[in-house]
Amino acid sequence: MSRSHKSIVALLVAIAGPSVWFAHFGLSYAAQSLLCASTYQQAGGAFLPLFVLGTLVACAALVAITAMGLRQGGSLLRTSDQTHFLADLTVSLAVLSAFGVTASLISTFLLPPCSRFLG
Amino acid sequence: MTERNKEAQLPNPTPRPPGELEQLRRIWAPPSGWRFLTAVNNTQIGIYYVGTALTFFVFAGVLALLMRTQLAVPDNDFLSQELYNQIFTMHGTIMMFLFAVPVVEAAGVLLLPQMLAARDLPFPRLSAFAFWAYFVGGSVFLLSLFFGLAPSGGWFMYPPLTSSEYSPGHNADFWLLGIGFIEISAIAGAIEIVVGVLRTKAPGMKLSELPIFAWTMLVFAGMIIFAFPAIILATMLLELERAFGWPFFIADKGGDPLLWQHLFWFFGHPEVYIIFLPAAGMVSMILPTMVGRPLVAYNMIVVALIATGFFSFGLWVHHMFTTGLPALSLGFFAAASMAVSLPSGIQVFAWIATIASGRLKLATPSLFILGFLFIFTLGGLTGVMVAMVPFDWQVHDTYFVVAHFHYVLVGGMVFPLFAALYYWAPAFSSRPLSERLGRWAFALMFIGFNVAFFTMHLTGLWGMPRRVYTYPAELGWGPLNLISTIGGVVLATGVALVLFDLLKNFRINYSKSAGNIWNAGTLEWLPNHVFATRSIPIVHGREPLWDDRDLPADVDAGRYYLPGAPTGARETIVTSPIESKPQYVVQMPGPGWYHVFAAVFTALCFLSLTIKLVAVAVIFGVLALASVILWLWETDPGPGKGPVDIGGGVKLPVYATGSMSHSWWAMVVLLLVASALYLSYLFSYLYLWTVAPEVWPDQSSKALPPLSLALFSATLLVASSTLIWLASRELRIDGRSLLFPVIVGLALVCLIGSITIEVLGQLHTGLRPDESSYAALTYLGAGLQGELVIALTLMALFVLGRFFAGLLNAIRRVTFDNTALLWHYTVGQGLIGLMLIHGFPRMVG
């Protein structure tokens, strides 16, 4: 891998946490909307198990990203200070993203998947 | 270390050879007289940009005063209802699209090269094009108000109010095409900023030492790349509906007005952060200087910026809490709305800690920052209130919301911007702005703003809806509105004082600015000239001017890298994105006309389309295209002048290909824009299916072309991509092989064949785009693919032209490599499109 490609990979790893959050958020919203669409109204009940599964996958990914970041940070003495900086970003962003992912859990357990407050 | 020893360790010895400085001055001399239009240097373009944005700001402010005059007393007839509607639409649109985004982009163009110690941003003509496109497009849009042609549907232009049925005439088209055009300018600027920040940092300036403003501009540009395509698609959909009856938003034909709201707010909410983050970056630059201490929690601020950038894309539905979406959807977005307050809070606490770490110098910039902290925090608190669904239902579309977003936008963006004006003026002007006028201006603006807008919270809670041109006295809103109007006048007086100060004291001087009067530590305060710094420093640390007091003198004496112009033309050093190791010297173009013509003709093309002069629009479109081709023909100068010595024994090439090339990065960013546009399309397709699945054909329907046609089309796409890969290989093996143009030609035939088969197949079924939302989306998919195919056809012809002109070979091949990147992307997009158009109806039908 060329040096430029390595740089790109390093930058992408740093933002992996929020990318997982966005994927989880986007897919949850899309799955809920598609499952609750009129022809599949009866499939709305399938949303909760799907969502829990997706959340577990997202959490596992965030834990893996955090572990990767911590390992990078731990190898500080062998690598440059940029590795440490990027590891810091990776871990902190993954932790913030974990908050974002888990925050969406609350409403899922409290609200039915397809009903509307209005109309 | 002695003076002499230290000098010996710097890359270049002094005194510098005679004539070196004069050569730099000659090469970078700004064009004089009427040729100022051809300028491309970031300082000149940046100042034009800031000046234009401030002019639009003043104009929109005057519109606000007209509205406040109208609302000052009940039952007022100062403005008619229609004019009031036009004025509030123009006020919001100009503030958001012609002031807020452009002014921060302008600040980026102006400040980034200086902060990064680059001679210029890597694509100077692209910046200049972005400016002229914005200037011409924005001016035409603004003038529409004087001809009764201004839109009146509010700055977010919701259909069906803005459909041709309820908004006949050209007014809405001015918004749709005008704003669409200005967004193109914003994207052009964003590409420049991403590549500029990551690739033209000073040698040694690692990512962890990047000025926070550069970080914010990087996140800002990234957000533009993903957010703006959504509104570009939305404007395309509404214009297609208005002009040709494609029913994306017409419920009777399977459309849905809420699709507009989704697309608009997918752009519109991140837009708030797009505006706020660079302003936060300005605060993070100014505060350490005013306190005399480094910024507290630099790493956490970077984390907060990136997290805010991401989370802001999960908030769009909180503008749609009252639209009847499923409760759980609202729950997701309310959760994300809460999550985004965390990174915002991190920044606010870091600023407070920075202030606490030293002694704040209470100069005008500090005052504006304190005002920002107070106002923005209040706006953030009301933001948390409206993020709660039940509360939002109560205050939706009332003056409470007007108060909330003005607290966020004026507090979060205008106050930091005015701090920035006072702070950075001495870097570009021969004298600083007046402290006395600045303090008065701040006091008037702070008091006026709070009087005007705090009152609006109450007006809203008492039930006054926004966007009403008058109200009866019996409702009791008169006194509060009068107070808001008085506050508005005080606020405007403060702004007028700043303008007076600028006129009185701001005198552009490229070589003898007032200089570092604040004792700041960052590179934009190095001695600057028309060619930026005399030499490009090696940077260690976040406040290099604090760490090395001799740095300004050493840089100005030419002791660091690139003290001359070894290629005999404009150039700067390209460094690696993380460690900032010098990689090559990029040769940059100087002043020219083609990018100006390209901007003007493109603007005229859009204007002609707006007033339905299609033939004239085509002529201007062709002229714009010709200008772009002539502009690009002069780029890609090749490796002939390298390698060059930049000092300290470092010899760099003057050309790079592949992922090392800065233009490769620009193309990748452009592909991200294209993919964001296509993702918005995929979202629209699936969304409208959930709304009206009955207009989608079932498996047996004759509205679906045979699957064999789709497979044939897909085969042609794959063949075309393979041929481009073979062409690349052939060019590498033999740069003059005549097989190369043959392969590229065949690839082009395959590509055009693929889209032709797709469109003919759809037409053959009898499907017409105005029948239903399904039909419209089917043809829109082909249209989006067709746009890329047209672009690639032109690019392929351009590549072949350069090949036959001897300007493309095994080494000098950036033009082809970039075309190939877009080619493979287009094939990927085409395959996804075929799966969607042919597979999805069969799957769900």
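Counting only other chain Cβ atoms within 10 Å of each residue's Cβ, the peptide B:309-318 averages 4.
Whole Å is fine, so just give me how far the alpha carbon centre of the range B:548-619 lies from that of the range B:765-832. Each part reduced to its Cα centre gives a spacing of 26 Å. Could you point to the residue in B:His529, B:Leu630, B:Pro577 farthest towards the positive end of the range B:483-632's charge dipole, with +1 and -1 charges on the Cβ of Lys/Arg and Asp/Glu respectively? Value computed over the given set: B:Leu630. Note down the net charge around B:Phe147, summing +1 for each Lys or Arg and -1 for each Asp or Glu among other residues with Cβ under 15 Å from its Cβ. Result for the local shell: -2. For the range B:157-177 versus the range B:44-103, the spacing of their alpha-carbon centroids is 20 Å. Charged neighbours of B:Ala227, selected by a Cβ distance under 13 Å, balance to -2 (K, R count +1; D, E count -1). In the frame of its principal axes, the range B:669-789 has Cα extents of 56, 32, 20 Å, reported largest first.
Evaluated over chain B, the count of Lys pairs having alpha-carbon atoms less than 13 Å apart is 4 (only pairs 8 or more residues apart or interchain).
With pairing defined as another cysteine C-beta under 4.7 Å, the cysteines of the protein assembly as shown that fail it are A:Cys59, B:Cys605, B:Cys750. Per residue, the average separation of C-alpha pairs within less than 8 Å and at least 6 apart gives chain B a relative contact order of 16 percent.
Throw me the Rg/Rh for the range B:512-663, computed over C-alpha atoms with Kirkwood Rh, two decimals.
On the way: Rg = 20.8 Å, Rh = 18.5 Å.
For the range B:512-663, the value is 1.12.
From the Kirkwood radius over Cα pairs of the protein assembly as shown, Stokes-Einstein at 37 °C and 0.692 mPa s returns a whole-number translational diffusion coefficient of 112 µm²/s. A Cβ-based charge dipole, computed about the Cα centre of the range B:695-773 with Lys and Arg at +1 and Asp and Glu at -1, lands at about 280 debye.
In a shell of Cβ-Cβ distance under 15 Å around B:Val844, excluding B:Val844 itself, what net charge do Lys and Arg (+1) and Asp and Glu (-1) give?
Result for the local shell: -1.
A Cα-only calculation for the range B:726-821 places Rg and Dmax at 17.1, 52 Å. Every pair of different Cα atoms in the range B:371-449 enters the Kirkwood calculation, which places the hydrodynamic radius at 14.1 Å.
For the range B:668-768, the set of trypsin sites (Lys or Arg not before Pro) satisfying both a DSSP loop assignment and a count of at most 15 other C-beta atoms within 10 Å is given as B:Lys702, B:Arg736. Shown here are the Rg and Dmax of the Cα trace of chain B, at 27.6, 88 Å.
All of the numbers you see were taken from the coordinates with simple rules; none came from a lab. Owing to the predicted nature of the structure, the values given are computational and were not obtained by experimental measurement. Glycine also receives a Cβ, built like all others from the backbone with ideal geometry; neighbour counts cover every protein chain displayed.
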